[in-house]
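Everything on this sheet refers to the single structure shown next.
The values are calculated or read from the model by the stated rules, or taken from the named source; none is laboratory data. Fair warning: this is a prediction, and the values are worked out from it, not measured in the lab. Glycine gets a Cβ as well: all are built from the backbone with ideal geometry, and neighbour counts include every protein chain shown.
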Amino acid sequence: MGSTVSRSDFEWKYDEEPHSTRRREIMKKYPHVRKLFGVDPWFKWHVALLVFLQVGACLLIRSYPSISWLSIAIGAYWFGGVINLSMMLAIHDIAHNTAFGQRRFFANRLFGIFANLPIIVPFASSFKRYHIEHHRYLGIERVDPDLPTRMEARFFTSTTRKVLWLICQPLLYPIRPLCVRSKRLTHLEYANMVIQFIFNFWVLLFCGVKAFTYMFAGSLVSMGIHPMAGHFISEHFVFEDIGGGDTFSYYGPMNPITFNVGYHMEHHDLPYVAGRHLPALKDLAPEYYDTLPQHRSWTKVLWDFVFDPSSGPYARVKRPTREDAHHT
């Protein structure tokens with residue numbers, strides 16, 4: 001079963017999360033940072049290109065019915081998986097209204113549903129609702145939907161089980177918010193499901209089972225055992241070799257194809273800055289970021305998470321709710 005993790009609880013903190021403090025300081029010291037806020041005019045075209053690339057890949061598979069399942073698997077891992085994870089991260093940016101701006105709510109939500117199409121599983125509309133709470137209540141127990149549950153932390157306590165935990169992320173990631181803080185489905189979420197069902201049916205009917213498998217498998221592998229999936233771990237998990245903290249940035253070569261999601265400290269500090277402009281935020285205020293713990297390799301992050309006994313689902317900073325803190 002491999003080595004057992006040494007942690008038996010989350011890393012508890014009782015101070016204010018650092019992003020709100022840093023946000024106030026940066027905006028006071030660099031008021032012109034507001035120029036980085038808002039819509040990235042190239043973003044929507046980038047997203048549309050990726051969607052049409054995946055549709056084109058399905059049409060190409062349809063044109064070669066004799067293509068082997070091994071080729072489908074390789075294509076799903078190295079091409080489809082990369083694009084689909086990029087689409088998931090595009091939906092993350094769309095959730096912050098960087099496609100059409102803060103005032104065009106429905107345009108952003110409908111564009112998120114469009115970006116969702118190659119991923120097969122409808123989640124864009126729900127992601128928006130839960131992700132904003134992750135920013136607002138970062139690390140707060142029973143409120144932040146991004147935190148692993150205690151059940152996860154208690155079970156995935158060995159090297160082998162941590163590998164299984166990574167493989168299960170496509171299942172655990174969407175189910176976790178429903179267990180922590182379930183919400184009623186909205187009309188947009190129902191619309192997301194219906195539109196996705198129609199698209200999925202078209203892929204199956206017109207392009208075939210192999211094309212559908214290619215896209216669905218790409219979504220599954222990109223969230224689990226895949227080099228790019230390291231971003232899920234790198235963003236908020238604590239690693240003893242780089243130091244503690246709530247959030248960590250990754251400054252490696254994968255940022256250009258993931259809408260700069262690696263600039264995660266910068267993103268949590270100023271979530272209204274579009275992904276394309278996050279490197280400019282770091283360059284504007286280097287004294288706030290250069291000395292903070294950071295990652296250079298998502299592959300190393302995955303390796304360390306699996307094989308370092310000090311890491312695991314418990315390796316997250318937690319803060320009590322206000323009610324719990326008051327009683328403490």
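Given the structure, is Asn116 in contact with a Pro (Cβ under 7 Å, 6 or more places away or on another chain), closer than 26 Å to Arg181 by Cβ and modelled with pLDDT of 95 or more?
Values: in contact with a Pro (Cβ under 7 Å, 6 or more places away or on another chain): yes; closer than 26 Å to Arg181 by Cβ: yes; modelled with pLDDT of 95 or more: yes.
In short, yes.
Considering only region 213-232, state which residues are assigned to a helix (DSSP H, G or I) and either of a type in the set (Val, Ile, Thr) or within 12 Å of the chain's Cα centre (by Cα) (or both).
Thr213, Val221, Ser222, Met228, Ala229, Gly230, His231, Phe232
Please go through region 233-264 and give me each residue that is touching a residue at least 60 places away in the same chain (Cβ under 8 Å), assigned to a helix (DSSP H, G or I) and out of contact with any Phe, Trp or Tyr (no Cβ under 6 Å at 6 or more places or on another chain), ordered by number.
If the condition is that a residue be touching a residue at least 60 places away in the same chain (Cβ under 8 Å), assigned to a helix (DSSP H, G or I) and out of contact with any Phe, Trp or Tyr (no Cβ under 6 Å at 6 or more places or on another chain), then Ile257 is the only one that fits.
Search region 163-215 for residues being small (Gly, Ala, Ser) and either more than 30 Å from Tyr64 (Cβ to Cβ) or in contact with a Pro (Cβ under 6 Å, 6 or more places away or on another chain) (or both), and hand back the single one that is modelled with the lowest pLDDT.
Ser182
Going residue by residue through region 139-148, is there one that turns out to be over 20 Å from Asn200 (Cβ atoms), surrounded by fewer than 22 Cβ atoms within 10 Å (Cβ to Cβ), of a type in the set (Asp, Glu) and in contact with a Ser or Thr (Cβ under 7 Å, 6 or more places away or on another chain)?
yes
Could you please give the count of residues in region 290-314 that are within 16 Å of Ser158 (Cα to Cα) and assigned to a loop (DSSP other than H, G, I, E, B)?
Matching residues across region 290-314 total 7.
Mind counting the residues in region 272-284 that are in contact (Cβ under 8 Å) with a residue 40 or more places away in the chain and surrounded by fewer than 20 Cβ atoms within 10 Å (Cβ to Cβ)?
4
Looking at region 319-328, is at least one residue in contact (Cβ under 8 Å) with a residue 12 or more places away in the chain, within 21 Å of Ala153 (Cα to Cα) and either in a loop (DSSP other than H, G, I, E, B) or among the aliphatic types (A, V, I, L, M) (or both)? Give the steps one after another, and end with the answer.
Filtering region 319-328 for residues in contact (Cβ under 8 Å) with a residue 12 or more places away in the chain gives 319-321, 324-325, 328.
Still in the list and also within 21 Å of Ala153 (Cα to Cα): 319-321, 324.
The next check asks that each one be either in a loop (DSSP other than H, G, I, E, B) or among the aliphatic types (A, V, I, L, M) (or both); those that pass are 320-321.
Within region 319-328, one or more residues are in contact (Cβ under 8 Å) with a residue 12 or more places away in the chain, within 21 Å of Ala153 (Cα to Cα) and either in a loop (DSSP other than H, G, I, E, B) or among the aliphatic types (A, V, I, L, M) (or both).
Just to confirm my filter: which helices (runs of 4 or more DSSP H) fall fully inside region 18-81 and include at least 2 residues that are over 24 Å from Phe114 (Cα atoms)? Give the derivation first.
Values: elements: 18-29, 43-63, 69-75.
Those helices (runs of 4 or more DSSP H) span 18-29, 69-75.
Does Lys128 meet the test of being at negative phi and modelled with pLDDT under 95?
yes
Among the listed residues Phe239, Phe201, identify the single one that is surrounded by 20 or more Cβ atoms within 10 Å (Cβ to Cβ), more than 13 Å from the chain's Cα centre (by Cα) and farther than 14 Å from Asn84 by Cβ.
Phe239
Is there a residue in region 89-105 that is part of a helix (DSSP H, G or I), free of Cβ contacts under 8 Å to residues at least 24 places away in the same chain, more than 22 Å from the chain's Cα centre (by Cα) and surrounded by fewer than 17 Cβ atoms within 10 Å (Cβ to Cβ)?
Taking every residue of region 89-105 in turn, none turns out to be part of a helix (DSSP H, G or I), free of Cβ contacts under 8 Å to residues at least 24 places away in the same chain, more than 22 Å from the chain's Cα centre (by Cα) and surrounded by fewer than 17 Cβ atoms within 10 Å (Cβ to Cβ).
Counting only residues that are aromatic (Phe, Trp, Tyr) and either farther than 25 Å from Phe237 by Cβ or in a loop (DSSP other than H, G, I, E, B) (or both), how many does region 1-17 have? Working first, answer last.
We begin by selecting, within region 1-17, every residue aromatic (Phe, Trp, Tyr); these are 10, 12, 14.
From what's left, either farther than 25 Å from Phe237 by Cβ or in a loop (DSSP other than H, G, I, E, B) (or both): 10, 14.
Qualifying residue count, region 1-17: 2.
Hey, could you check region 285-309 for residues that are acidic (Asp, Glu) and crowded, with 18+ Cβ neighbours inside 10 Å and say which is farthest from Lys35 (Cα to Cα)?
Within region 285-309, the first condition is being acidic (Asp, Glu), and the residues that meet it are 287, 290, 304, 308.
Checking the rest, the ones that are also crowded, with 18+ Cβ neighbours inside 10 Å come to 304, 308.
Details: Asp304: 38, Asp308: 42 Å.
Filtering first and then ranking leaves Asp308.
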